[in-house]
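Below is one structure; the comments refer to it alone.
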Amino acid sequence: MPVPVEYFQILAGILFAIGVMGVLFRRNLLIIFMSVELMLNAANISLVAFSRSLNNIDGQVIVFFVLAVAAAEVAVGLAIIIDLFRKEGTVDVNRVRLLRG
Amino acid sequence: MDLFWLIPFLPLIGFLINGIGIKWVPKQLAGLIACSVVGIAFAIAVGAFLELRSLPVADRSVTHVMFPWIMAGQFNVNVAFLWDQLSSVMVMIVTGVGFLIHVYSLGYMKNDPGFKRYFAYLNLFTFAMLLLVMGDNFLLLFVGWEGVGLCSYLLIGFWYQKDSATDAGKKAFIVNRIGDFGVLLGMFLVYWNTGSLTFVEVFERAPAVFIAGAALPTAITLLFFLGATGKSAQLPLYVWLPDAMEGPTPVSALIHAATMVTAGVYLFARASGLFAMAPDAMMVVAIVGALTAFMAATIGLVQNDIKRVLAYSTVSQLGYMFLAVGSGAYIAAIFHLMTHAFFKALLFLGSGSVIEACHHEQDMRKMGGLRKKMPITSTTFMIGSLALAGVPIFAGFFSKDEILYNTFTSGTLGAIGPVLWVIGALAALMTAFYITRAVAMTFYGEPKDKEIHDHAHESPSVMTVPLMILAVASTVGGFLGIPIFMKYNVMHNWLGPLIGGGGHGAHGGDHGAVTEHGTTHLAAGPSDHGGGHAEHNVTLEVILMGISVAIALFGIVWAWQNYVKHPKRAEAMGARFPGLYKLLDGKWFVDEFYNAVIVVPIVGFSKFLWTVVDSEFVDGLVNGTGKLMRGIGSALRPVQSGLTPNYATAILVGAIVIMGYVVLGGAR
């Protein structure tokens, strides 16, 4: 008896919500970054689960794309964070307000 | 005569050489070029005139088409010159008197730093004036009309270092604009109704298009007359002419006495066929002319600046010309235009000679007793004065007399003719008085300023020879128009077939064949000219002539008694009528009136536009837009906090809203 698809969706929802909370409430840019990854992977779980229950391979194909893009994003994002730390001496988002109007 | 189209271009060439080469052309050469182009133009004009005279009367109208100028659908205008009885006379006056004044200027402007500029302007003026009198259509006439206005402005303000000169130039230009607007509207009406601007075509079609005495020809005539009041210094726009005396004196002689100011008279003579259809307008013209003649003469009585006396005299004499035009006596008007060109140019040049001798002193109260110092100038000036005063055998007598006679008997004026005659006769009395006064104050009596008198000297011959030639013309010129009853009147015989002596001006003209040279011979068709004064009342004319002679002599003697025999009496006379004297000395306060009624309100309104409409409203609008944007910006500024979590929250909220919309509403 396979695990029902609803369980996977609930798990994905919980993970996504944790990711959102992390992005909104944490101040360390690295943690925020990890939270974003969490949100992406929540979406991946949801896609894969639907793909399996519907017997449609498309969802899993999209996940591969998401993984590839996420990897690229991590590379760029980490580079930005390192550069920011070198320039500002901090990765606290509340103290980096370069875009303030 | 094949060369007559060259006439206007000769001064243009002179202008281009002197104007473009103002840095390189040597001074002597510049003067030589400027004089010789006008001299050659005069020679060609005389030759073409003689050739025209040898043609039969019916063929005395030649058009030379230079090139098509404007071709827009139905609207066709050529640059074409007309050579007929009227334009040949005008061209000879312009180039002949102009040539003498050019030569005189060689002496008068000898030491002026703007010598070359002066001659360039003078040539340009001559070009524009020749366009005006030779153009075969209203548009070309208008180009000349504007051109002479421009040159007048340039030459009045020639000594631009002087504020008064530049102000006078601006005044002349602005006042003339008011008149030009009338000419422009008149031209529109002419084209609108006849579909052409060419003189011959317009006058050919006019009888079929316009109803004599109707509103349309009256409106056209009055609009043209508005232009004439500006250019020819009539009431109410005459105010610029006295101020124009700020320019060099030969300019006053050429532009503001002999040629430009007579443009209005020329326009009326040229378009006489049109004007004859508007008897009401002619009445207005005659009345305005008579009043101008009278009013300007009264002001002339009390002026102390020798040039201003002559300026008001010019306004007054132009008034006579319009009186003649209004009476339908176009030939008399042109005749007076010619004699006036001679004697007024003479008087102005003579006054220039005096001013030069007195080291640019123009106040007659500081002159006196110059007769022995300057024999040629004083003799020629007196000949000019006699011509102006209307003493028999001198030119002004014949022309003024013809005008007054025509006013008295005019068919169009009817009952008010004799009234206008009285006004004209009174003006003639004052004319004789003020010019005698000027002669007396300048050349007779005791020297009032010893230093000026001691330094005074006769002018060089380059200045006195033109004076002598003009003096001869002022003496014999009148015999071209000896009274009609003596049968042999050159002016009438010459101009009569074109213009007609009196009211019935519907002269037609047929297009002839165009020859290979692009020259069209225009047959002056059968014209019922001379109708207005067909039967001459010889007795009446002799009586009127006797009266005007008596008036002229009385005016001269009266002034002589007051200013030469008993100089104290003149002052006593001013003191006896203080109110009148003040009125005349203040020039009827017309300038003050215009200032109060027109200038001050305009300045006030402009100030209102500047301080309220522009500074407050327009600027407020612009600045307000800016302020509004700044306000919105600063209101929205806090949104851009720079805090990443805030942005993230906004994204989340946005995402939730969109998702909620898709799930709850958008799915439907």
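The values are calculated or read from the model by the stated rules, or taken from the named source; none is laboratory data. These numbers come from a predicted model, not from an experiment. Note that we place each Cβ from the backbone using ideal geometry, even for glycine, and neighbour counts take in every protein chain shown. Surface areas here come from the heavy atoms of the whole protein model, side chains and all, with no ligands, DNA or RNA. Shrake-Rupley method; radii C 1.70, N 1.55, O 1.52, S 1.80 Å.
For B:S606, which of the numbered conditions (1) open to solvent by less than 50 Å² (accessible area, probe 1.4 Å); (2) among the small types (G, A, S); (3) modelled with pLDDT of 90 or more fails to hold?
Single failed check for B:S606: (1).
Could you check how many residues of segment B:397-424 are open to solvent by 20 Å² or more (accessible area, probe 1.4 Å), touching a residue at least 60 places away in the same chain (Cβ under 8 Å) and closer than 17 Å to B:T292 by Cα?
3
Can you go through B:F81, B:F119 and tell me which one is within 16 Å of B:P26 (Cβ to Cβ), of a type in the set (A, V, I, L, M, F, W, C) and either in a helix (DSSP H, G or I) or open to solvent by less than 30 Å² (accessible area, probe 1.4 Å) (or both)?
Criteria check complete, one pass: B:F119.
From A:S53, A:S35, grab the single residue that is surrounded by fewer than 17 Cβ atoms within 10 Å (Cβ to Cβ) and either closer than 14 Å to A:E73 by Cβ or away from every other protein chain (no Cβ under 14 Å) (or both).
Matching residue, one of A:S53, A:S35: A:S53.
Can you pull out every residue in segment A:1-49 that is of a type in the set (G, A, S) and under 9 Å from the mean Cα position of the chain (by Cα)?
Answer for segment A:1-49, where residues must be of a type in the set (G, A, S) and under 9 Å from the mean Cα position of the chain (by Cα): A:G19, A:S35, A:A42, A:A43.
When you look at A:L99, is it out of contact with any Leu (no Cβ under 8 Å at 6 or more places or on another chain) and within 14 Å of chain B (Cβ to nearest Cβ), yes or no?
yes
Would you point out the residue of segment A:56-75, among those that are of a type in the set (V, I, T) and farther than 21 Å from A:L24 by Cα, that is farthest from the other protein chains (Cβ to nearest Cβ)?
Filtering segment A:56-75 for residues of a type in the set (V, I, T) gives A:57, A:61-63, A:66, A:69, A:74.
Now restrict to residues that are farther than 21 Å from A:L24 by Cα: A:57, A:61-63, A:66, A:69.
Details: A:I57: 26, A:V61: 24, A:I62: 19, A:V63: 21, A:V66: 17, A:V69: 18 Å.
That would be A:I57.
Name the residue that is nearest to the other protein chains (Cβ to nearest Cβ), counting only residues in segment A:78-96 that are of a type in the set (A, V, I, L, M) and under 20 Å from the mean Cα position of the chain (by Cα).
Only one residue tops the list, namely A:V93.
Can you pull out every residue in segment B:26-56 that is over 13 Å from B:I7 (Cα atoms) and either open to solvent by less than 70 Å² (accessible area, probe 1.4 Å) or assigned to a loop (DSSP other than H, G, I, E, B) (or both)?
The answer is B:P26, B:A30, B:G31, B:I33, B:A34, B:C35, B:L52, B:L55, B:P56.
So B:I178 passes all but one of these: (1) among the aliphatic types (A, V, I, L, M); (2) surrounded by fewer than 22 Cβ atoms within 10 Å (Cβ to Cβ); (3) over 26 Å from B:D591 (Cα atoms). Which condition number does it fail?
The failed condition is (3).
Polar (S, T, N, Q), in contact with a Gly (Cβ under 9 Å, 6 or more places away or on another chain) and either under 22 Å from B:P248 (Cβ atoms) or open to solvent by 40 Å² or more (accessible area, probe 1.4 Å) (or both) - does that describe any residue in segment B:370-377?
yes
Checking the conditions here, which among B:A269, B:A286 is within 19 Å of the chain's Cα centre (by Cα), within 30 Å of B:V38 (Cβ to Cβ), crowded, with 24+ Cβ neighbours inside 10 Å and among the small types (G, A, S)?
Checking each option against the conditions leaves just B:A269.
Determine if segment B:61-75 includes at least one residue that is in a helix (DSSP H, G or I) and either at pLDDT below 90 or within 24 Å of B:F138 (Cβ to Cβ) (or both).
no
Select from segment B:348-365 the residues that are open to solvent by 10 Å² or more (accessible area, probe 1.4 Å), within 11 Å of B:D449 (Cβ to Cβ) and not basic (K, R) and list them in ascending order. Don't jump to the end; show me each part of the working.
Here is the first cut: in segment B:348-365, the ones open to solvent by 10 Å² or more (accessible area, probe 1.4 Å) are B:356, B:359-363, B:365.
When the remaining residues are screened for being within 11 Å of B:D449 (Cβ to Cβ), the result is B:359, B:361, B:363, B:365.
B:H359, B:E361, B:D363 - these are the residues of segment B:348-365 that are open to solvent by 10 Å² or more (accessible area, probe 1.4 Å), within 11 Å of B:D449 (Cβ to Cβ) and not basic (K, R).
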